[in-house]
Amino acid sequence: MALGFVFGVATSLPISAATTTRAAASATPSITYDATRKLFRIDTGEVTYAFGVDSDGMLQTLYWGARLAARDPLGPARVSPGHASFDSPGSTSPQEYAGWGGRITIEPDLKAHFADGNRDLVLHYASHRIHDDTLEVELRDIRLDVSVWLRYTTDPATGIIGRSARIENHTTQAMTVDAASAASWNLPAGDDYSLRYLTGAWAREWNLQTRAITPGATEIGSRRGTTGDQNNPWFAIERGNQWNEEHGDVWFGALAWSGSWRIRIDQDVLHQVRVTGGYNPFDFSYRLAPGQSLQTPVFYAGYTPHGIGEASRMMHRFEINTVLPQRAETKLRPVLYNSWEATEFKVDEAGQEKLAEAAAKLGVERFVIDDGWFGARNSDHAGLGDWTVNRNKFPHGLSPLIGKVHALGMSFGLWVEPEMVNPDSDLYRAHPDWALHFNDRPRSEGRNQLVLNLARKDVADYVYDVLDRLLSENDIQFLKWDYNRNWTEPGWPEVAPEEQQKVYVAFTNNLYDIMRRLRARHPGVEIESCSGGGARVDLGIMGLTDEVWPSDNTDPSDRLTIQDGFTYAYAPGVMMAWVTGSPNWVNDRRSSLDFRFLSSMQGGLGIGANILEWTPEENAVAQRYVAEYKRIRSTVQRGLLYRLLSPRDQSPQSATESVAADGSQAVLFAFQRQGHEAEPYPTLRLRGLDPKARYRYRLIHGEAVEGTPAEASGAFWMNQGIDLKIRGDLQAAGVVFERTGT
Ligand code: GLA
């Protein structure tokens, strides 16, 4: 048992799940330093986080969990006595940010080597600063003039804390960072932890995995140069055997980084659990000349005693209010039309105009031309890099079409993939050295394209200039920003060998910088992050984009699982979902327009079908759903999400409920992929309503069983529930509950 570590498990406070996520910013966060006990304490939202300086001078986590009383004793931090001579005193202390050096045996946060051959770095507390809701603590090496500034930011609405580190080399020699995390989050010793994380691949992203945490390490991450869909930089850890959507202690977090990343979960010899996240150390190296520094991304994390459902709602709230670029003013997602599945690369002025006219009649608010409008882009073999309008397809440029789209009352959007180049492009013919490569080595193509080396200033300037010109010369309101391959041969031969691996940091920082500058110069332009589907969704890119594309898989049944997995980490309000053609191109599955609309209405609604082929009856159905969606979208996009029935593991039935932030409306979506014997559809008991208020329901689609009252109390809908008549395969229902009074 580790000494000096007070258990962070909640003696849960009497706050309801709804209170936690609905409350306006509760008390301002308090950050204090108790000089006698050498104790830092952060109280934010319903969370207390504490760490202290031990007698060796190291920073140790002391507590992370439910809010404690102001006078509750914490600390002081004590050096862990270790376990045996192999795990000597201090080696198993739950350090806040461990340098690799001294007697450390745990996963370090920072590993470095110096020009003189030294690889030992022992970080001790040196100083701190507290301003408002931010704490900065300086660690310094015991001999060398190396500082690491740990930064803690607080979000009182959710209790989510953001942590990052700035590594400063004040010595007179070069220091090379071999590995750097943003933060480590320590949990107390225990044998009853489970880890949840997300895995995926193209067209099947967002699968929730659960595994017991056992002694040893679990790693999730990406070596792909970008976020990737194999894992997503999010985790949740639950404690005990009683957890579910609504109960149980959950610690959760996500990295705000869109480059190669790693989150590693260790359970040490004392059964303590440590979650370390930051740059992926694989092939990583960042040289700091004297006077230089490295700022890591932010690793956010939170805690709730109210189960994984509440952990998700906290993430959603945090993203909408704190992460997204427009934050509180974040606009609701307009209903969009995208031409990709209808026309693929065969876009032209006349065809797009026809689609725009048809889309406007359905109530669409944003019209987006996908791939194929630029350069020699007639297939995915050519054109990337040449961001000028293809005059064969648009003889008068984009202006006539944009004018038409605007006249139809819609905003206009365009697909771009600015970080890429096809070898068959004017850009590549002019600048073959602009792609990532090693000299005299092969350049592997993915989807016939190479990755531009955005770490180079001239390349980053080109990408910015070309997009700035596009947005300046055309009245564009939206970019779908795509990214369709991983890195290979990530060389940067134009800089000194010891600088080349900085590409992992510089590329992503330059990408962020380009987006930031574009947003500042074109404040009316919104951006969607897409990466062959959902391969670039993280809190970093989300800080600069307004919505994301979770998957190229638009089959409405597959989408139920994909969208469910997405919501563990990310808000439905940024998750775009299109109604496309039937049979679906991914799996040839046929489904009704009702099923397709209801599935897509769980997120930001879009239409991606060839609507010129729709019959008048189909148009009427679509018009009705689009109009209905506009009445409920603020609840779906901004409300509290309750996952009532999970579609995971091919489960035939699934249901979600969203409750408006002001409690005035709740929206229920229920799906059945496959009927089973004579089983009735399960009763759905709602969550998050005011038990005393009265709610009247109306059906968007489907039927309730005979005898269902038109109106009843929140208590009735939450305890008695509602029975829907859903029978057969690929059937669905949508129900809206409006509060009528108390
Ligand atoms: C990627 C995107 C798709 C589409 C195509 C265009 O696959 O995920 O939505 O934009 O590129 O080439």
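The values are calculated or read from the model by the stated rules, or taken from the named source; none is laboratory data. Everything numeric here is computed off the predicted structure, so don't read it as measured data. A quick note on method: Cβ atoms are made from the backbone with ideal geometry, for glycine too, and the neighbour counts reach across all protein chains shown. The accessibility values were calculated without ligands, DNA or RNA, using every heavy atom of the protein model including side chains. Shrake-Rupley method; radii C 1.70, N 1.55, O 1.52, S 1.80 Å.
Do we have A254 as of a type outside the set (V, I, T), on the phi < 0 side of the Ramachandran plot and under 16 Å from the mean Cα position of the chain (by Cα) here?
yes
Could you give every pair whose Cβ atoms fall below 6 Å, whose first residue belongs to region 378-391 and is over 12 Å from M420 (Cβ atoms), and whose second residue is more than 12 Å from the ligand (Cβ to nearest atom) and open to solvent by less than 20 Å² (accessible area, probe 1.4 Å), counting only separations of at least 6 or pairs across chains?
V389/G397; V389/L398
Of the residues D465, D461, D546, only one is assigned by TED's automatic domain parsing to the domain that holds T388, open to solvent by less than 40 Å² (accessible area, probe 1.4 Å), closer than 18 Å to E417 by Cα and of a type in the set (D, E); which?
Being assigned by TED's automatic domain parsing to the domain that holds T388, open to solvent by less than 40 Å² (accessible area, probe 1.4 Å), closer than 18 Å to E417 by Cα and of a type in the set (D, E) holds for just one of D465, D461, D546, which is D546.
Restricting attention to region 367-384, does a residue exist that is more than 20 Å from N484 (Cα to Cα), within 16 Å of the ligand (Cβ to nearest atom) and surrounded by fewer than 22 Cβ atoms within 10 Å (Cβ to Cβ)?
no
To keep it simple, each residue is scored yes or no on (1) over 13 Å from T199 (Cα atoms); (2) under 13 Å from the mean Cα position of the chain (by Cα).
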residue	(1), (2)
E526	yes, no
C530	yes, yes
D538	yes, yes
V548	yes, yes
T561	no, no
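Pick from R517, R559: which is touching a helix residue (DSSP H, G or I) at 6+ places or on another chain (Cβ under 7 Å), within 16 Å of the ligand (Cβ to nearest atom) and part of a helix (DSSP H, G or I)?
R559
If you take the residues of region 180-205 that are aromatic (F, W, Y) and open to solvent by less than 10 Å² (accessible area, probe 1.4 Å), which of them is nearest to I106 (Cα to Cα)?
By that ranking, first place goes to W185.
Of all residues in region 649-661, count the ones that are at pLDDT 95 or above, under 28 Å from L332 (Cα atoms) and open to solvent by 20 Å² or more (accessible area, probe 1.4 Å).
Adding up the residues that qualify gives 1.
Modelled with pLDDT of 95 or more and either open to solvent by less than 10 Å² (accessible area, probe 1.4 Å) or in contact with an Asp or Glu (Cβ under 9 Å, 6 or more places away or on another chain) (or both): is that true of V323 in this structure?
No: the conditions fail for V323.
Hey, does region 527-546 have a residue that's more than 16 Å from the ligand (Cβ to nearest atom), touching a strand residue (DSSP E or B) at 6+ places or on another chain (Cβ under 9 Å) and more than 27 Å from Y568 (Cβ to Cβ)? Don't jump to the end; show me each part of the working.
As a first pass, look at region 527-546 and keep what is more than 16 Å from the ligand (Cβ to nearest atom): 538-540, 542-544, 546.
Now drop any that are not touching a strand residue (DSSP E or B) at 6+ places or on another chain (Cβ under 9 Å), which leaves 538-540, 542-544, 546.
Filter once more, keeping what is more than 27 Å from Y568 (Cβ to Cβ): none.
Scanning region 527-546 turns up no residue that is more than 16 Å from the ligand (Cβ to nearest atom), touching a strand residue (DSSP E or B) at 6+ places or on another chain (Cβ under 9 Å) and more than 27 Å from Y568 (Cβ to Cβ).
Please find, among G565, G573, the residue that is more than 11 Å from E205 (Cα to Cα) and either part of a helix (DSSP H, G or I) or among the charged types (D, E, K, R) (or both).
G573
List the number of the failed condition for E341; all other conditions in (1) within 11 Å of the ligand (Cβ to nearest atom); (2) buried (at least 21 other Cβ atoms within 10 Å of the Cβ) hold.
Failed condition: (2).
State the number of residues belonging to region 609-664 that are among the polar types (S, T, N, Q) and within 18 Å of S557 (Cα to Cα).
So the answer is 6.
Quick grid of which residues meet (1) modelled with pLDDT of 95 or more; (2) part of a helix (DSSP H, G or I); (3) in contact with a strand residue (DSSP E or B) (Cβ under 9 Å, 6 or more places away or on another chain):
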{"site": "A18", "(1), (2), (3)": "no, yes, yes"}
{"site": "T21", "(1), (2), (3)": "no, yes, yes"}
{"site": "A27", "(1), (2), (3)": "no, no, yes"}
{"site": "G52", "(1), (2), (3)": "yes, no, yes"}
{"site": "L68", "(1), (2), (3)": "yes, no, yes"}
{"site": "P73", "(1), (2), (3)": "no, no, no"}
{"site": "A77", "(1), (2), (3)": "no, no, yes"}
{"site": "A84", "(1), (2), (3)": "no, no, no"}
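Inspect all residues belonging to region 400-417 and state whether any of them is more than 16 Å from the ligand (Cβ to nearest atom), β-branched (V, I, T), without any contact (Cβ under 8 Å) to a residue 60 or more places away in the chain and assigned to a helix (DSSP H, G or I).
There is at least one residue in region 400-417 that is more than 16 Å from the ligand (Cβ to nearest atom), β-branched (V, I, T), without any contact (Cβ under 8 Å) to a residue 60 or more places away in the chain and assigned to a helix (DSSP H, G or I).
Conditions: (1) in a strand (DSSP E or B); (2) without any contact (Cβ under 8 Å) to a residue 60 or more places away in the chain. T276 meets all but one. Number of the miss?
(2)
Filter region 385-399 for residues that are part of a loop (DSSP other than H, G, I, E, B) and either within 14 Å of the ligand (Cβ to nearest atom) or not aromatic (F, W, Y) (or both) and give the result. If you could, list the steps in order and put the result at the bottom.
In the first step, residues of region 385-399 are kept if they are part of a loop (DSSP other than H, G, I, E, B); the result is 385-388, 390-398.
Within region 385-399, G385, D386, T388, N390, R391, N392, K393, P395, H396, G397, L398 qualify.
Before we move on, is A577 without any contact (Cβ under 8 Å) to a residue 40 or more places away in the chain and within 16 Å of the ligand (Cβ to nearest atom)?
yes
Do you know which of the residues in region 664-701 that are open to solvent by 10 Å² or more (accessible area, probe 1.4 Å), small (G, A, S) and over 23 Å from Q563 (Cα atoms) is modelled with the lowest pLDDT?
Here the answer is A678.
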